[in-house]
Amino acid sequence: MIEDKNQQRTSLSALGEFGLIGHLTRDIETSQPSTLKGIGDDGAVLDFKDKKVVVSTDLVIEGVHFDLAYMPLKHLGYKAVVVNVSDICAMNATPTQITVSIAVSNRFPVEALDELYDGIKHAAKVYGVDIVGGDTTSSQKGMILSITAIGEAEAEDITYRAGATSTDLLIVTGDVGAAYMGLQVLEREKQVFQVNPNNQPDLDPYNYLIERQLKPEARKDIKAILKALEVQPTSMIDVSDGLSSEIIHLCKNSGLGASLYEEKIPVDPQLINVCEEFNIDITTVALNGGEDYELLFTIKQADYDKIKGNPNFTVIGHMTEESAGINLVTRANTQIPLKARGWNALSEGE
Ligand SMILES: [Mg+2]
């Protein structure tokens with residue numbers, strides 16, 4: 001899966017730290033009006049005038065959060081930006097800048113970092129964010145990547161995890177569960193490849209799931225869509241750890257309970273097929289899979305007509321009083337308390 005188009009291997013020490021930073025950032029331009037000074041001085045200078053500034057940071061470590069055996073470096077760079085941009089979007093803010101810090105062992109040649117940076121720059125272009133700073137240093141082992149995203153919003157637009165009321169509707173964008181199953185497919189293929197490297201897998205039946213895992217997208221579009229519909233979300237979070245735990249976050253922060261309807265949870269048809277193939281329960285994956293980077297939010301019931309029928313949104317349930325608990329209402333109409341099972345719990349075969 002990793003293209004080997006570049007046979008050249010230039011060792012990192014050939015450039016030195018300053019040479020490397022200069023090399024990686026040589027063609028970076030800025031376009032946000034709030035960026036007064038980007039890369040090239042001791043600090044970036046930003047000017048948000050009377051807007052509020054939202055900041056979010058994220059750290060990913062090779063072997064813990066990603067596996068370079070099936071995650072090409074270009075995709076890793078792209079995804080690392082998306083994950084951070086998603087958190088800014090989850091505040092109902094607009095991402096504007098990122099900083100990028102990388103630590104790598106000398107097993108990576110300059111060409112590998114070029115590939116990583118290609119992915120980072122591509123994502124920055126797609127999401128319209130300026131790369132305004134960062135650092136590159138060496139690590140004893142493997143790769144560590146930290147990105148900080150900065151965004152802006154009018155004070156009244158910013159949406160927190162807290163803020164929902166007990167009669168609000170619970171909505172999710174897109175579909176959930178696909179990224180997790182994409183990872184399951186990739187892990188299976190990795191094992192097949194280790195047994196027989198000549199085996200060329202047909203990944204077509206899994207293309208959507210794999211893309212959701214390797215090249216997820218943040219829902220930067222949702223803020224403008226809601227604005228145009230004149231809907232102000234009352235609480236919001238992005239789906240990084242799994243629908244179930246994100247619902248629990250909204251409930252805990254808002255001091256509420258919720259009812260989630262199993263039959264309403266949006267899943268892609270490909271997910272249904274592949275869950276059958278793997279003999280895994282679809283709802284379990286949809287609830288606990290994670291890494292979907294969709295937005296989960298609440299709106300006032302009075303706004304329902306404004307979002308009804310919009311293909312971006314699915315009403316999956318509603319908030320309740322805290323005393324009612326946080327429950328999944330199954331297709332058989334029984335209530336099961338939702339649990340915050342993250343990625344690891346699921347992969348341990350619970
Ligand atoms: Mg988040």
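The values are calculated or read from the model by the stated rules, or taken from the named source; none is laboratory data. The model shown is predicted, which means the values in this text are computed figures rather than measured ones. All Cβ positions, glycine included, derive from the backbone under ideal geometry; neighbour counts span all protein chains shown.
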Notebook entry, point to check: Taking into account only those residues within the stretch 1-38 that are hydroxyl-bearing (Ser, Thr, Tyr) and farther than 14 Å from residue 109 by Cβ, which is modelled with the lowest pLDDT?
Noted result: 25
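What number of residues within the stretch 217-241 are within 16 Å of the ligand (Cβ to nearest atom), in contact with a Ser or Thr (Cβ under 8 Å, 6 or more places away or on another chain) and not basic (Lys, Arg)?
Pass one, the stretch 217-241, residues within 16 Å of the ligand (Cβ to nearest atom): 217-220, 222-223, 233, 235-241.
Cutting the leftovers down to in contact with a Ser or Thr (Cβ under 8 Å, 6 or more places away or on another chain) gives us 218-220, 222-223, 233, 235-236, 238, 240.
So of that shortlist, the ones also not basic (Lys, Arg) come out as 218, 222, 233, 235-236, 238, 240.
Of the residues in the stretch 217-241, 7 are within 16 Å of the ligand (Cβ to nearest atom), in contact with a Ser or Thr (Cβ under 8 Å, 6 or more places away or on another chain) and not basic (Lys, Arg).
Please verify whether the stretch 150-159 includes one or more residues that are closer than 30 Å to residue 256 by Cβ, of a type outside the set (Gly, Ala, Ser) and in contact with a helix residue (DSSP H, G or I) (Cβ under 8 Å, 6 or more places away or on another chain). Lay out the reasoning, then the answer.
First, the residues of the stretch 150-159 that are closer than 30 Å to residue 256 by Cβ: 151-159.
Keeping just the survivors that are of a type outside the set (Gly, Ala, Ser) gives 152, 154, 156-159.
Then drop every residue that is not in contact with a helix residue (DSSP H, G or I) (Cβ under 8 Å, 6 or more places away or on another chain), which leaves 157.
Yes.
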Notebook entry, point to check: For the stretch 149-183, what are the residues that are crowded, with 18+ Cβ neighbours inside 10 Å and part of a helix (DSSP H, G or I)?
Noted result: 157, 178, 179, 180, 181, 182, 183
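Of everything in the stretch 297-338, what is basic (Lys, Arg) and buried (at least 18 other Cβ atoms within 10 Å of the Cβ)? Give them in sequence order.
Restricting attention to the stretch 297-338, the residues satisfying the condition of being basic (Lys, Arg) are 300, 306, 308, 331.
None; the set is empty.
Yes or no, residue by residue, for (1) at pLDDT 95 or above; (2) farther than 22 Å from residue 340 by Cβ:
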{"residue": "195", "(1), (2)": "no, yes"}
{"residue": "204", "(1), (2)": "no, yes"}
{"residue": "226", "(1), (2)": "yes, yes"}
{"residue": "239", "(1), (2)": "yes, no"}
{"residue": "243", "(1), (2)": "yes, no"}
{"residue": "261", "(1), (2)": "yes, no"}
{"residue": "268", "(1), (2)": "yes, yes"}
Notebook entry, point to check: Of all the residues that make up the stretch 50-89, how many are of a type outside the set (Lys, Arg), within 16 Å of the ligand (Cβ to nearest atom) and either under 25 Å from residue 190 (Cβ atoms) or part of a strand (DSSP E or B) (or both)?
Noted result: 12
Check: What are the residue pairs meeting all of these: first residue in the stretch 14-31, first residue of a type in the set (Lys, Arg), second residue surrounded by 17 or more Cβ atoms within 10 Å (Cβ to Cβ), Cβ atoms under 8 Å, and 6 or more apart or on different chains?
Finding: none
Margin query: Out of 98, 120, I need the residue that is within 16 Å of the ligand (Cβ to nearest atom) and without any contact (Cβ under 8 Å) to a residue 60 or more places away in the chain. Which one?
Written below: 98
Margin query: Which pairs turn up if I take residues in the stretch 226-251 that are within 16 Å of residue 293 (Cβ to Cβ) and charged (D, E, K, R) and look for partners that are within 9 Å of the ligand (Cβ to nearest atom) and part of a strand (DSSP E or B) with beta carbon separation below 7 Å, at least 6 apart in sequence or on another chain?
Written below: 246/237
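Please find, within the stretch 39-66, the residue that is farthest from residue 25 (Cα to Cα) out of those that are without any contact (Cβ under 8 Å) to a residue 24 or more places away in the chain and surrounded by fewer than 17 Cβ atoms within 10 Å (Cβ to Cβ).
Of the residues in the stretch 39-66, the ones without any contact (Cβ under 8 Å) to a residue 24 or more places away in the chain are 40-42, 45, 47, 49-50, 64-66.
After this cut, where a residue has to be surrounded by fewer than 17 Cβ atoms within 10 Å (Cβ to Cβ) as well, the list is 40-42, 45, 47, 49-50, 64.
Working: 40: 9, 41: 13, 42: 15, 45: 17, 47: 22, 49: 27, 50: 30, 64: 27 Å.
Going through the qualifying residues, I end up with 50.
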